[in-house]
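> My questions will all concern the structure given below.
Every read-out reported here was derived from the displayed coordinates using simple, explicitly stated rules and does not represent laboratory data. Here the structure is a predicted model, which means the values were calculated and not measured. Neighbour counts run over all protein chains shown; Cβ positions are idealised from the backbone, glycine included.
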Amino acid sequence: MDVPGADARLITLLVERGLARDVAELYRIKVKELVALPGVDADTAQIFFDALTASMKRNAWRLLFGLSIPLVGAAEAQALMRGFPTVDAVFAAGAPRLIKDAGVSEAVAQSIVRWHSDSVNRKLVRRLEKFGLNFKSELFPAGR
């Protein structure tokens, strides 16, 4: 999801303090919670919070890439979002359709299907949507 300032030290602090168990929980953290962390000043907290807020509006392919689905790199995420109007449409498509409409390999298509078949991953996707991340593809051709 490409969040500047989300370095390993900060993420470790968030996890250790119970503020984030997964990526979706980052989107409910408040600036005052960040400032309360050791070594995080008000400016750093605000920069991270602003970057997190901005990440919600980024192209949907970045969300898809940020889910860390095995074999889905930036190029595959972009291809998928050129082939489908939404992230939900990617997950609703079966492997044959992913291959046909997005031009991804069979291995990538199967990886997506397997990843999304896990209920924990499906819940994560729903929570990200609930927090307001962009699920609509800007790469999908208009009128298609």
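> Do you know the relative contact order of the chain, to the nearest whole percent, from alpha carbon pairs under 8 angstrom that are 6+ apart?
27 percent
> Let me ask something additional. Name the residues whose placed amide hydrogens come within less than 5 Å of the amide hydrogen of residue 135, ignoring near sequence neighbours (fewer than 5 apart) on the same chain.
When sequence neighbours closer than 5 places are left aside, there are no close amide H contacts.
> If the reach is capped at under 26 angstrom between alpha carbons, list the lysines near residue 100, excluding any in the same chain fewer than eight residues apart.
136
> State, as an integer percentage, the relative contact order of the stretch 8-55 based on alpha-carbon contacts under 8 Å between residues 6 or more apart.
27 percent
> Within 10 Å of each candidate Cβ there may be at most 15 other Cβ atoms; applying that plus a DSSP loop requirement, which trypsin sites (Lys or Arg not before Pro) in the stretch 42-84 survive?
Answer in residue order: 57.
> Treating the beta-carbon of each Lys and Arg as +1 and of each Asp and Glu as -1, no other charges, what is the dipole magnitude of the chain about its Cα centre, to the nearest 20 debye?
480 debye
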